[in-house]
Each structure stands twice: as C-alpha cells, then as structure tokens.
1. Need one number for segment 390-473: average projected area of the convex hull over its C-alpha atoms, nm².
2. Work out the FRET efficiency for ALA413 and ALA247 from their Cβ-Cβ distance, taking R0 = 45 Å, and round it to the nearest 0.05.
3. Under the classification rounded if a/c is under 1.5, otherwise prolate if a/b is larger than b/c and oblate if not, where does segment 371-428 fall, given a ≥ b ≥ c as square roots of the Cα gyration tensor eigenvalues?
4. Over segment 113-237, calculate the relative contact order: mean separation of alpha carbon pairs under 8 Å at least 6 apart, over the residue count, as a percent.
5. Using a 7 Å offset from Cα along Cα-Cβ at SER230, what residues in segment 181-215 end up with backbone N under 18 Å from the label point?
6. Just from the alpha-carbon atoms, what are the Rg and Dmax of the chain in angstroms?
7. With each label point set 7 Å from Cα along the Cα-Cβ vector, what nm distance links GLU350 and GLN278?
8. Can you work out the Karplus-derived ³J(HN,Hα) for every residue in segment 323-331? Use 6.51 cos²θ - 1.76 cosθ + 1.60 with θ = phi - 60°, whole Hz, and x for glycine or proline.
Amino acid sequence: MHQLTIAEIIRGLREKQFSSVEITSHLLERIQQLDGQYNSFITVTGEQALREAAAADARLAEGNAPAMCGVPIAHKDIFCTNGVRTSCGSKMLDNFVPPYDATVVDNFLQAGAVSLGKTNMDEFAMGSSNESSYYGPVKNPWDLERVPGGSSGGSAAAVAAQLVPGTTASDTGGSIRQPAALTGTTGLKPTYGRVSRWGMIAFASSLDQGGPIARTAEDAALMLSVMASSDKKDSTCLDRPTQDYTANLKDSIQGLKIGVPKEYFGEGLDSEIGARIQEALRAYEKLGAELVEISLPHSKLAVPAYYVIAPAEASANLSRFDGVRYGYRCENPADLRDLYMRSRGEGFGEEVKRRILVGSYALSAGYYDAYYNKAQQVRRLIKQDFVDAFQKVDVIMGPTAPNPAFKLGEKNADPVAMYLEDIYTIATNLAGLPGMSLPCGFAHNLPVGLQITGNYLDEARMLNVAHQFQQASDWHTKAAPVAE
Ligand code: GLN
C-alpha cells in the first residue's frame, strides 16, 4: 500500500479497496520499522492519526467527503500543530506545544487529511543538508551515508522512503526544491503569498513560502489545491480563492516556450547532472516545446544578496525567543540579562547564531546602507531579469542543485560551500516566483532534479508542464532501495 500515490489512495478509498484506518496503520507500522535508519520524523502522532483516520472513514461512508479525506500526510515541524510539539528543529522549541494550528495544517484538517506526525528539518529551516537539526541529521534513503538536502530533509526523505505519500514543507531559498532534487521527489514552492504563512514559524518573512513534496506532479497539484487559500490572518497572503490545480494537468504543451538560462550551465555544475538536464530538455522538445536560450545576468549575485537579506530578517524574527514568553529557558539565571544571554546561547545552534550575528551586523547603523540596502537593490535587479525573461518564454528550466546528494559531514565545516547548494534556487525566492523540482534521472547513481520556474501565479501551468514530462518518463516512479 505504501507505493500508492495520493491520487491512487483517493481512488482506492472511494472504491473501498482499503480504509483510511488500514492505510494509516500500515504507514505507521512502516515508520516504526524503518524510520530508525532515516530519522525523517521528529514526532509521530500515531493515536491521533488513527482517530483522524476513523473519522475520515466515517465521512467517506456518508458520501460527500472532501478531496483529501482519509489521505495520510505529514507536516514539516515548522508548521504549528494544536496540542502537538512544534520544534522547528531547535532545542529552543523542544518543549513548545502550540495552542493552535497553522492555516496550512487547518486546511488539511478541513480537507479530511490524516497527519502522521512532524518531519525533521534544519534548525529554523537554516541549512541545505538537514545536519543542523537538534534532533540529528536525516539520512538519504538512496544512500544512508548521504544527506537528503535541506532544510525540508525529513519531509523529502519520508516521501522518498515511502513512509508517507506527501508532506508539507517550506522554502526560503530552496528548502523544498533542493531536498526534492536530492531524494528523487517532486516539490513545489508556490508564488510568494499564495500559501498562508500564518502559524508557519518565521525564518525570513519576505522569502518564506510553504508548499508540498510528493512523488508526482499530480499529487503536488492535489496538495497545493488544499494548501493554497486566502487568509485574513496573514496580510501578505494573496486574496485569491482556492483553486483546482489538477484541472490543467492533461493540457498539451505543444508550442510551450522553455527558457534555458545560460548562466545555469557553467562552472560548478556536475557534468552528469548537466547531461541529465539536457536530456530532459530534449524530451520536452519531443513533447512539442521550444527551447529558447535566455540570460539572467544578475543570477550570480543571488546567493550574496540572500545571505544579507535572509539573515537580516532572521535576526529580527528570532529576537522573540528570549526565554521569557516561550521556548527554552536556562537554569537559574542570575538576572534578566543572564536569562536572555544564556537562554539564547544554550537554545540556539551554531548556524542559527551565525545568521543572527550576520543579520544584526548588516542591519546595524553605519552598515545598513552598505549591506542591507545594497542587497535590496540587487534583489530588484534579479527580479527584473525574470520579468524580462518571461516576456519571451512561458517557463524557465535548469538544474535544481549543482550536485547530487553529498556525504554527511562533507560540507558541514564550510558554510560557504553549503550556501552554494542553493545557487540555482535562491533567485526564485528573491523574485517571489514559483518554482518546482522533479526527478529527471540519475547521476553517480543518485537522483537528479530538474527545476521549473514559472511566472507569478502560474503554478497550474508548471504542474501541467511537470505532469506531461512524468507521463512520458518514469523517473518519478523509481523507488529508493529500502532495506525492509
Ligand atoms: N539553504 C538555504 C538556507 O540555509 C535555504 C533554506 C530554506 O529555504 N529554508 O538559508
């Protein structure tokens, strides 16, 4: 049953081939048996899941059940869950049990989905390898000595290991797409503002966006149809109604114009990955698409601009963790200052502290203009590159990550090497555009991700473009070699 996609589960439940309780129990057992080797979950909510599944079965029996009724999913531990510990991968929130659900979590509850638990992640979503989690690293199901990518490493690994058919995740600079690429899964970061951020713990508020990771574009479309809603509780959430993202999946892509940025195929790209991307582009030509070379001249400035803007916003967002209102508090503080300093010093990990230091520095008087303002100007130029490109093309394609999954520990000591993991994904966030990654083959026996970037609010077309590729290829059906 664990091989089933979300679309197949929806069908199976309605045709009464199995019940939600049956598939939920099966996946819970599988997590129990196998997740010791992956560490993709921080919290498994077995009893709650079985209660939700029984309720879903009752709704299904009554008829008129909502789309995702009875379908098991899991949430990245960045989404607040009522009554269930929400750690954000940090010691700081190890004891945090929110009294409310994030809008995304609530949307899935309303749709009848069954949550199996909370997935592992880099601390406060900072990282590209899931090694900064307080709960230990996640292992890539394709090779247990390698990372699954980050920061949504748990969400991606759980899907790749077929512990759950779909997960929620978040992407500030690549955290949905890069782990999807490294684990052979399909992940989508929507347009900034398409999915509510309310109850999703903030990292860099002008960049953060929630989205799904699943095995197929069709499943990502089903999940996005639930996730994307307007939300009065998030003032940056776009005032647009929910939408059926599966409606256009079958459309022909004859005449589609695909922009291929010349900057994305240069130095730093693993040559086998480059070859797989070229093959995928050829496959698109066979499907009737036309390739157009484009240029994104400021793309080399994306990583440096991001590593000023994201830490600046993070330093402000993380100032709320002071040991007073919630989260970790140090033992026996001598006075208020000691309480702040030791609670933060002991509660945050190394990468989070590095970002707070960089961000506070970039925002401080005297440096603000030189760094923060400059980075915002560069951000504008990067956005303009895309606006110009989308005058000529419908979507943009290239590699998601410059290399396949790397070894645990390989980049840990070198933050800059780690930051370069997102060299192809970060510009999308700076511009607020939607992006996705889908499997397109293997390099060095590890999965390769093809990145599709779309124009603003063009998620339905991107999903159509991805689905058409998946109808003509079988990379997304390859399963990681799970040691049962
Ligand atoms: N790897 C990037 C970082 O560490 C992006 C993380 C993310 O998208 N949350 O900031």
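The values are calculated or read from the model by the stated rules, or taken from the named source; none is laboratory data. For clarity, every value in this text was computed on a predicted model and none was experimentally measured. With ideal geometry, Cβ positions are generated from the backbone for all residues, glycine too; neighbour counts draw on all protein chains shown. Accessible surface is based on the protein model in full, side chains and every heavy atom, while ligands, DNA and RNA are left aside. Shrake-Rupley method; radii C 1.70, N 1.55, O 1.52, S 1.80 Å.
1. If you wrap the Cα atoms of segment 390-473 in a convex hull and average its projections, you get 6.6 nm².
2. Rounded to the nearest 0.05, the efficiency is 0.40.
3. oblate
4. Reported relative contact order: 21 percent.
5. 191-198
6. 21.1, 70
7. 3.9 nm
8. x, 9, 7, 7, x, 5, 10, 5, 7
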